[in-house]
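Down below is the structure, laid out as structure tokens.
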Amino acid sequence: MDAFVQDLRSSLSCEVLDDVLSRALYATDAGNYEITPVAVVVPRAEEDVRAAVKIAAAHGVPIIPRGGGTSLGGQVVGRALVIDFSKRMNRILSIDEAARTVRVEPGIVRDELNAALAPRGLHFAPDPATSSRANVGGMVGNNSSGTRSIVYGKTVDHVRAVRALLACGEEIEFREFSSGEYARRAAPPTREGEILFRFRDALLASKEEIERRFPKVMRRAGGYNLDEFVRTDRWNLAKLLAGSEGTLALSLEIELNLEPLPSGTALCIPHFAAVSDAIRAVASILDHRPSAVELLDGVVIDMARTNRATAPKATFLEGNPGAALIVEFFGESDGDAERKARSLAARLAREGICAVAPVRRDRAGQRAVWDVRKSGLGLVLAAGGGKKPVPFIEDAAIPVEALPEYIDEVLAVCAAQGSRAALYAHASVGVLHVRPFLDLTNRADVERMKVIAERTFRLVRKYGGSWSGEHGDGLVRSAWMERFYGREIYDLFRRVKHLFDPEGLMNPGKIIDAPPFDTALRTGARTAAGRRTDSFYRYGDEGGFDSAIDRCNGVGACRATAGGVMCPSYRATRNEIDSTRGRANALRAAITGRLGDDGMASDDLLRAFDLCLSCKACRSECPVNVDAARWKGEVLQRRHDRCGAPLSAKIVAALPRVAGICSGPLAPLVNAVQETAPARRILERFAGIDARRTLPRFATEKFTARYERTRSGRLAGGKDGRRVALFVDTYMENYDVAVGIAAVELLESFGFEVILARAGCCQRPRISHGFLRDAARQGRKTIGRLDRFIREGIPVLVCEPGCASALIDDLPALIDDGAIGSSVAAGVFFIDAFLAERMREGDLEGPFRSEYGKLLIHAHCHRKALGGAGDMSEILSLVAGLEV
Amino acid sequence: MAGSFGYEKDHYDLSLAVGEDRLFPAVRSRAVGTAVVACGFSCRHQIAHATGVRPVHFVETIRGCQ
Ligand SMILES: Cc1cc2nc3c(=O)[nH]c(=O)nc-3n(C[C@H](O)[C@H](O)[C@H](O)COP(=O)(O)OP(=O)(O)OC[C@H]3O[C@@H](n4cnc5c(N)ncnc54)[C@H](O)[C@@H]3O)c2cc1C
Ligand code: SF4
Ligand code: SF4
């Protein structure tokens, strides 16, 4: 392999990655499989792809094209050269507004493409749940579809042309031809002629069998799309590439159909007592021609209503339903759509199908419903302790009429194996994703998975469904192809594959000639390693450090390029290694011994965490709430233990103490000196503080000194005994005294008596720089001091969000006395969260005043991470005339 | 951005890039007379560094009636 990589390096001007870590980062997708690739190429342009393919072919190395890597079935996993189109081959090449078409490079993210098209009122319509990071190339590869497929169909319905590169180096543009044109072209000696000729030959010979064996459901995603060629004489082989999962050719350019954006939308949300009632109602709902029908099952509903982040949005749910459907309507206008929604609600009530069916027409109301659908699913996927909702039977598409019985039977199959299952998605087209909870590190559960798969497969056949309805075959469903389609069709699949890729180099083992579906499970490495990695944090909720890492299932929300904030380092560099998923995979490599004996302290792991900002955006936005900031602390501490901490980290971690010395009388001197050039050089050299940064200035009078001078003896007794403690943080004490004073004034103006809580440092600087052991020791004292207030029933309020998150979230999981940690965590509040809560309880009387007219709020990342970033706006909204 | 991360020598550029993604442009293009609220000390400081605008803490923006 060395010669291969050397050849790549000498011929390509783009990134060629073959180190252990990079290969580990590309060994998985969002499915259950893990195989280390040979190497990874990140092409800048077509020339790089061409050269890489040529070299791989010469060395006989297989090739896997890759987009966002969000496939659920191991489509992009294999021992091959991985070509990652997502980082740099992501341009829009041309837009033809009149013809409603667009030509793109395959690496463009679906939502980014649509953001560019929106001003023209157009969009590329297929909408998989992963649209914020799925690439057009990957969507074509998997023939993706989504929530509104009942209107828009699948990606295959929108591909106009693909300029493809075959493994042999030939390039062919596949597009639609009339039968005459097809016949003219379908002749050797050109490669295109040969493919067109033989494909038609083979297909026509098996036409009846295709009609017979391809399931008649709208959502069929397994195998090759041969059914696209039976009832038409206009043939387009780009439609064969759609859904071919990179097994036939690489796409270099893709031309797509565009649809006008809907002008009006509205939702109707019928409530049901049980999931089975909801599913039974789908068929009648479809008479009303909705654009989407999505299921919320009882588990999602309960979780969404109790979770702090989703509860405020889940208010559209009335009473205690056991299930609900989200039914969306398009219309000429919102009013038109609303009329359709109301007419459905009326019919359901009239026929006694369901009594409660609220309608939402406003944008914000609709968004709240979709948000609950999305994040509620995340909550379910995160639940289950060591067991995870495993995708393997999730993708069956069943004729809608048979859906109720099918779901009953599948749930019974799972229950017989002692497994509960999560249930969600597209009721409209009979694709309800069923994910049984299993722990695949446990061999007995792997056996259970096999039993469930086999029984479910039979059910799908019995009901005339499709084994794959949306996510494709990958390593998880390909092994069933022959049984599903029968010998003749399977042979035809083989011939198709051979036509395009006679050497078998393109993504081998997918669709045809696949290994058994329980090989190469990603949990295998951990089962083998069979150990528990020590950690500084407790990870109680996650079931230990190893499970906390395993929670990352690769869905790649951290690769979203817009919306939310996760993950800022990935957005800046677009490198997999700088995404949260990259960090989770790097850690997995470390704990399974792939990064050397002391992998947890390795250079590789340090590299993966170097650009992590510890912003904790992942803590709230990742569907399973991984907390990479904690992981970064774990890595840094081990690193310090092995190599000694760098001086710069020590200095920064000691800053709170230094600040205590520098503020007050010494401040004028220090402030003057620290800005001089020699001081900046020293600070840059030893403390690693960039000389271009302006430095914060120390206060000439500390907050507590000022407080005592100006306010002592003014201890305003609180109204009705209201008392709070204000946590004196390093910043208000030594730098920004005005904040401390303002906080006291604010609290007093709401009738609170304010006591200062001088409890020491929250330990944020130590925590961020990997001094977890010291932080635990010192933090124990801080927590002990705060506990005194809390035991007296006095809430502790914190102005600095980084300090609050340390006290509420990090220290409690770090100190040895977990009990006192949790009790303190429950009594410490972000100051705005505390006020918002009291306001909601009606404890704070207005009028509220402000000297400002308009405010722009930047919420601290840790504030967002722990929920309730809206508290501030909520409070400020009570100030008359203030715009936020 | 992001606390002390933004002060670190090797991370200066990334931190500015993260800020430029949305925050700094939003601060610069805010309507006249709009104050910027940021509760984190280093958020305030880094916004000031990059945009010249001095943000305030939330507690400085509101008072009750007593
Ligand atoms: C939580 C979750 C929800 C999902 N929901 C949906 C859903 O609602 N609907 C749906 O359809 N899917 C869904 N998926 C599956 C997946 O996200 C989609 O199929 C997505 O479109 C894949 O895009 P990607 O860029 O990640 O592709 P990848 O995973 O990178 O690749 C997909 C396939 O395309 C091939 N490919 C990629 N680029 C090229 C190229 N340039 N040339 C040739 N072949 C190429 C790959 O080899 C692979 O076989 C979901 C996945 C997850 C994790
Ligand atoms: S870190 Fe979270 S968002 Fe990113 S891939 Fe893993 S589970 Fe998904
Ligand atoms: S803490 Fe922030 S930068 Fe680090 S992985 Fe999470 S989202 Fe990314």
Which condition breaks for A:Phe536 when tested against (1) within 15 Å of ligand 2 (Cβ to nearest atom); (2) in contact (Cβ under 8 Å) with a residue 40 or more places away in the chain?
-> (1)
Could you please let me know if A:Cys803 is in contact with a Cys (Cβ under 6 Å, 6 or more places away or on another chain), modelled with pLDDT of 95 or more and open to solvent by less than 10 Å² (accessible area, probe 1.4 Å)?
-> yes
Scanning the range A:537-554 for residues that are under 22 Å from A:Ala129 (Cα atoms) and open to solvent by 30 Å² or more (accessible area, probe 1.4 Å), the one nearest to ligand 3 (Cβ to nearest atom) turns out to be A:Arg551
Selection count, the range A:559-576, where residues are within 12 Å of ligand 3 (Cβ to nearest atom) and either closer than 14 Å to A:Leu613 by Cβ or open to solvent by less than 30 Å² (accessible area, probe 1.4 Å) (or both) | 11
Taking the stated definitions as given, is A:Met139 in contact (Cβ under 8 Å) with a residue 24 or more places away in the chain and not in a helix (DSSP H, G or I)?
-> no
Entirely in the range A:1-106, the strands (runs of 3 or more DSSP E) that have 2 or more residues that are open to solvent by 10 Å² or more (accessible area, probe 1.4 Å) = A:15-17, A:92-96, A:101-104
Listed by range, helices (runs of 4 or more DSSP H) wholly within the range A:599-653 having at least 3 residues that are more than 16 Å from ligand 1 (Cβ to nearest atom) and within 14 Å of another protein chain (Cβ to nearest Cβ) are A:603-610, A:628-643
Hey, does the range A:799-809 have a residue that's touching a Phe, Trp or Tyr at 6+ places or on another chain (Cβ under 6 Å) and away from chain B (no Cβ under 14 Å)?
-> no
What are the residues in the range A:263-293 that are within 23 Å of A:Arg363 (Cβ to Cβ), open to solvent by 10 Å² or more (accessible area, probe 1.4 Å) and among the polar types (S, T, N, Q), if any?
-> A:Ser263, A:Thr265
Looking for whichever is surrounded by fewer than 19 Cβ atoms within 10 Å (Cβ to Cβ) and within 9 Å of chain B (Cβ to nearest Cβ) here; the options are A:Glu837, A:Glu851, A:Glu841. Which one fits?
-> A:Glu851
Give the residue, chosen from A:Ala826, A:Ala869, that is away from chain B (no Cβ under 13 Å), open to solvent by 30 Å² or more (accessible area, probe 1.4 Å) and at pLDDT below 95.
-> A:Ala826
Does A:Ile820 meet the test of being open to solvent by 10 Å² or more (accessible area, probe 1.4 Å) and modelled with pLDDT of 90 or more?
-> yes
Unique residue being among the polar types (S, T, N, Q), farther than 25 Å from A:Cys622 by Cα and either modelled with pLDDT of 95 or more or open to solvent by 40 Å² or more (accessible area, probe 1.4 Å) (or both) when the list is A:Ser144, A:Ser178, A:Ser149 | A:Ser178
For the range A:855-864, how many residues meet the condition of being more than 7 Å from chain B (Cβ to nearest Cβ) and either open to solvent by 40 Å² or more (accessible area, probe 1.4 Å) or more than 14 Å from A:Phe829 (Cα to Cα) (or both)?
-> 2
When the range A:554-581 is examined, which residues are found to be at pLDDT 90 or above and within 11 Å of another protein chain (Cβ to nearest Cβ)?
-> A:Thr561, A:Cys567, A:Pro568, A:Ser569, A:Tyr570, A:Arg571, A:Ala572, A:Thr573, A:Asp578
Within the range A:692-730, restricting attention to residues that are at the interface with chain B (Cβ under 8 Å from one of its Cβ atoms) and at pLDDT below 80, which residue is nearest to A:Leu669 (Cα to Cα)?
-> A:Thr694
Considering only the range B:3-26, state which residues are of a type in the set (Phe, Trp, Tyr) and within 7 Å of another protein chain (Cβ to nearest Cβ).
-> B:Phe5, B:Tyr7, B:Tyr12
When the range A:546-563 is checked residue by residue, the ones that are part of a loop (DSSP other than H, G, I, E, B), within 15 Å of A:Gly378 (Cα to Cα) and not charged (D, E, K, R) are A:Cys552, A:Asn553, A:Gly554, A:Val555, A:Gly556
Among B:Ser29, B:Ser42, which is out of contact with any strand residue (DSSP E or B) (no Cβ under 9 Å at 6 or more places or on another chain) and closer than 20 Å to A:Cys803 by Cβ?
-> B:Ser42
Limited to the range A:286-311, what total is found for residues that are without any contact (Cβ under 8 Å) to a residue 40 or more places away in the chain and outside any loop (DSSP other than H, G, I, E, B)?
-> 5
Verdict on A:Asn575 being outside the structural domain of A:Gly67 (by TED's automatic domain parsing) and over 29 Å from A:Arg773 (Cβ atoms) | yes
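This table checks each residue for (1) buried (at least 21 other Cβ atoms within 10 Å of the Cβ); (2) among the aliphatic types (A, V, I, L, M).
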site: A:Asp302; (1), (2): no, no
site: A:Phe316; (1), (2): no, no
site: A:Leu325; (1), (2): yes, yes
site: A:Glu328; (1), (2): yes, no
site: A:Glu332; (1), (2): no, no
site: A:Asp336; (1), (2): no, no
site: A:Arg339; (1), (2): no, no
site: A:Leu348; (1), (2): yes, yes
The number of residues in the range A:573-589 that are in a helix (DSSP H, G or I) and within 8 Å of ligand 2 (Cβ to nearest atom) is 4
Failed item in (1) outside any loop (DSSP other than H, G, I, E, B); (2) of a type in the set (Gly, Ala, Ser); (3) in contact with a Ser or Thr (Cβ under 9 Å, 6 or more places away or on another chain), with A:Ala116 passing the rest | (3)
Output the residues belonging to the range A:460-478 that are part of a helix (DSSP H, G or I) and crowded, with 20+ Cβ neighbours inside 10 Å.
-> A:Val460, A:Gly474, A:Leu475, A:Val476, A:Arg477, A:Ser478
Those residues of the range A:663-700 which are over 44 Å from the mean Cα position of the chain (by Cα) and of a type in the set (A, V, I, L, M) amount to A:Leu666, A:Ala667, A:Leu669, A:Val670, A:Ala672, A:Val673, A:Ala677
Could you tell me whether any residue of the range B:27-49 is of a type outside the set (Phe, Trp, Tyr), over 13 Å from the mean Cα position of the chain (by Cα) and more than 7 Å from chain A (Cβ to nearest Cβ)?
-> yes
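The values are calculated or read from the model by the stated rules, or taken from the named source; none is laboratory data. As the structure is a computational prediction, the values presented were derived from the model and not from experiment. Glycine also receives a Cβ, built like all others from the backbone with ideal geometry; neighbour counts cover every protein chain displayed. Ligands, DNA and RNA are stripped out before the accessible areas are found, and what is left, the full protein with its side chains, is counted by its heavy atoms. Shrake-Rupley method; radii C 1.70, N 1.55, O 1.52, S 1.80 Å.
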